[in-house]
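Comments concern the structure below.
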Amino acid sequence: MANGPLPSPVVAALAMTVLVSCSSSPSPASERKVLLERVDDTAIAQLWADGFAQLTPRDRALCYHLAQAAIAGRDIFLDQRFAYALEIRDVLEELFVHAAALEPAAAAELARYTKLFWVHGGIHHNLSTRKLPFHLSLDGFLAAAARARQDGAKLPDDARLRVLFDVMTNERTFESVTSKATDDGADPVRDSANNLYVGVTSADLERFEERHPLNSRVVKQADGTLVEEVYRMGDPSSGIPPGRYATEIARIVGHLRDALAVAPPATKIALEKLIRFYATGDFADWHAYGVAWVADTRSVVDNVNGFVEVYLDARGRKGAWEAVVSFVDVARTAAIERLAQQAQWFENRMPWDEEFKKPNVRGITARAISVVTETGDSGPITPIGINLPNEEDIRQQHGSKSVNLSNVVEAYAAISGATSVEEFGFDDAEKARARRWQGIDDVHTNLHEVVGHASGKVRKEVIDPARILGTYYSTLEEARADLVGLYWIADPKLVELGLVASEDAALAQYEQFTRNVLVQLRRVPRGGRIEEDHMRNRQLIVHWLIANTDAVTVVRRDGKTWYRVPDVARFRAGCGKLLAEVMRIKATGDFKAGKALVEGYGVKVDPTLHGEVLARLERLGLPSVTGFVMPELLPIRDASGAVVDAEIRHGMDLADQMLRWSGRR
Ligand SMILES: [Zn+2]
């Protein structure tokens, strides 16, 4: 399963569940460029992989080989998504390379469309699944091709270009890449424009059993019979013939074999099983790989590579190819561990009744990871969290890995956070503070996860507070963890631990938390109630503070509303008071009080305020999708030519990366 890709405010909400820390980035997030460019509703951004330089040379070399394997397979996904995609990409990239020879307006429109094509992985929008708009006429398109040919471009003839132009622009063909509609005679398999089924209907499939449901294409022959084309490299020595994508898969396997030489033992075992699967295409081999991958929990570098998520298939059976290369961020993980070691210190000083303090508390630790390269179904548009494998029996018997892509989350926060601060920050001082302490939310998130959820003791007779508090439990528990974070982030202990620099940083966190209560209303439909637990808990905290303390003041100016934090001490005191009450509710199973808190402060939205906030956010035009330029890894070879290390570069140029990956540069 993958979380996202999601619109930015959703990501900001989910960031609360991600373990990341602000400390020890080589260059502060505020000083470097994340958002590179905006194309229509799509943002193009640079993904930064801090900490790569701190890996061992061997792990860096491993990342290099795995990244090469990721790049080698990316065309599989494009072809799975749409049968014309690679042919159209060749035309677009050839025109892009010869842009200087084109009429400027045509060159600009082709550049806009080509960038969207690269980010969305074809001519269909990643979220809407509909065709991307193309604003060149057929004549303009052919004229651009003619000029590019004179400049040396290699393009198909005009007859073929007319066909491709029609594919790109005709609103009545290939409408949706994944169409899930079933009403009025609609058929998801027939109506989806992806390349997982050719000429096949849902009814055809009812009478057909696939041998390789996850990794095959089903094609209807002229005589009406169905043929299953398995995706595999083949293995002549075992008499297994090559299948669809054999060329691309062989290239992937070549890089995976190179990786074996530098992989730690557990990773090596998993990669060998993956190579076996790519050769045979058999599910049993895929399953064996999944078991080995789950067992590899201690390695610094991790890798997803294969036909994994099934969202592209309206039937939910066929895996779209993807690759994710990542490493554990040592500095971030160390910051998490530093907090976890202090869990008892915090517990002993929690602002709640002694009765509810744990004598032996253990902080909850998790690994923070950074993505180096994502391709296929995972890049340039990336999820923010991945939980694999999808095979339920492996999850039950062998476990699963849940990773949060912390550098992706950080990038999303930088893109959307900066924009909403400009509108919802009350004055220049608050906006400057937000810029100065961009990473502070990560510290709060760590406190929330590591200290917050682990803390507190319930009365013996309560046993399971979730059962007693029922539907209100999750909201209250999230509020409790958030309040622990808010309460401690302003404590000198955090400065002593080197996690927070100053009271100024704590104020920035309080202001961000409070602002977010307005900004997150973007996710609530007009006239609706708040349903999601994290959103409810934030509303609960801030609205309780407004109603019962002087920690937050409401300011109205020029028809707009601001929530302001007057000072750190009052906000912290208010949070301590509410925290003691939420802890008491959990520890004693006080359903009535819990319900009153959630229903009274966390669920309802003032329709006037909601309308105002939606109007303000609409004017900001936050992007709906972000495509990332991935870091580039450059090999360092020894005298024999073997890769012994790798360097990282952040190129900040989508076109350059895409053109080099497709061999045009
Ligand atoms: Zn939580």
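Pro351 meets all of the listed conditions (1) open to solvent by 50 Å² or more (accessible area, probe 1.4 Å); (2) closer than 27 Å to Leu483 by Cβ but one, namely (1).
Of all residues in segment 295-329, those being open to solvent by less than 10 Å² (accessible area, probe 1.4 Å) and among the aliphatic types (A, V, I, L, M) number 5. One residue alone among Arg526, Arg522, Arg616, Arg557 is in the same structural domain as Tyr487 (by TED's automatic domain parsing), in contact with a strand residue (DSSP E or B) (Cβ under 9 Å, 6 or more places away or on another chain) and modelled with pLDDT under 95, and that residue is Arg616.
Applying the condition of being of a type in the set (Gly, Ala, Ser) and either buried (at least 23 other Cβ atoms within 10 Å of the Cβ) or at pLDDT 80 or above (or both) to segment 377-401 and asking which residue is farthest from Glu37 (Cα to Cα) yields Ser378. Among the residues of segment 468-499, the ones that are open to solvent by less than 10 Å² (accessible area, probe 1.4 Å), within 27 Å of Glu423 (Cβ to Cβ) and of a type in the set (A, V, I, L, M, F, W, C) come to 4 in all. Among the residues of segment 454-482, those identified as of a type in the set (Gly, Ala, Ser) and within 15 Å of the ligand (Cβ to nearest atom) are Ala454, Ser455, Gly456, Ala466, Ser474, Ala479, Ala481. Take segment 302-335 and flag every residue that is closer than 20 Å to Trp48 by Cα and not in a strand (DSSP E or B). The answer is Asp329, Val330, Ala331, Arg332, Thr333, Ala334, Ala335. Within segment 132-141, is even one residue surrounded by 15 or more Cβ atoms within 10 Å (Cβ to Cβ), more than 13 Å from Val91 (Cβ to Cβ) and touching a strand residue (DSSP E or B) at 6+ places or on another chain (Cβ under 9 Å)? There is at least one residue in segment 132-141 that is surrounded by 15 or more Cβ atoms within 10 Å (Cβ to Cβ), more than 13 Å from Val91 (Cβ to Cβ) and touching a strand residue (DSSP E or B) at 6+ places or on another chain (Cβ under 9 Å).
Applying a threshold of 6 Å to beta carbon distances and a minimum spacing of six or more residues, or different chains, the list of pairs starting in segment 496-517 at a residue that is in the same structural domain as Lys431 (by TED's automatic domain parsing) and in a helix (DSSP H, G or I) and ending at one that is among the aromatic types (Phe, Trp, Tyr) and surrounded by 23 or more Cβ atoms within 10 Å (Cβ to Cβ) reads Ala505/Trp437; Ala508/Trp437; Tyr510/Phe571; Arg515/Phe424. Of the residues making up segment 621-633, none is among the acidic types (Asp, Glu), more than 25 Å from the chain's Cα centre (by Cα) and on the phi < 0 side of the Ramachandran plot.
Go through the residues of segment 180-188 one by one and say whether even a single one is surrounded by fewer than 16 Cβ atoms within 10 Å (Cβ to Cβ), part of a loop (DSSP other than H, G, I, E, B) and modelled with pLDDT of 95 or more. Checked segment 180-188: no residue is surrounded by fewer than 16 Cβ atoms within 10 Å (Cβ to Cβ), part of a loop (DSSP other than H, G, I, E, B) and modelled with pLDDT of 95 or more. Of the residues Asp491, Asp504, the single one that is closer than 13 Å to Val565 by Cα, more than 26 Å from the chain's Cα centre (by Cα) and either more than 15 Å from the ligand (Cβ to nearest atom) or among the acidic types (Asp, Glu) (or both) is Asp504.
The values are calculated or read from the model by the stated rules, or taken from the named source; none is laboratory data. The structure presented is a predicted model; accordingly, all values stated were derived computationally and were not measured. In this analysis, Cβ positions are derived from the backbone assuming ideal geometry, glycine residues included, and neighbour counts consider all displayed protein chains. For the accessible areas, the whole protein counts, side chains as well, though only heavy atoms, and no ligand, DNA or RNA atoms are used. Shrake-Rupley method; radii C 1.70, N 1.55, O 1.52, S 1.80 Å.
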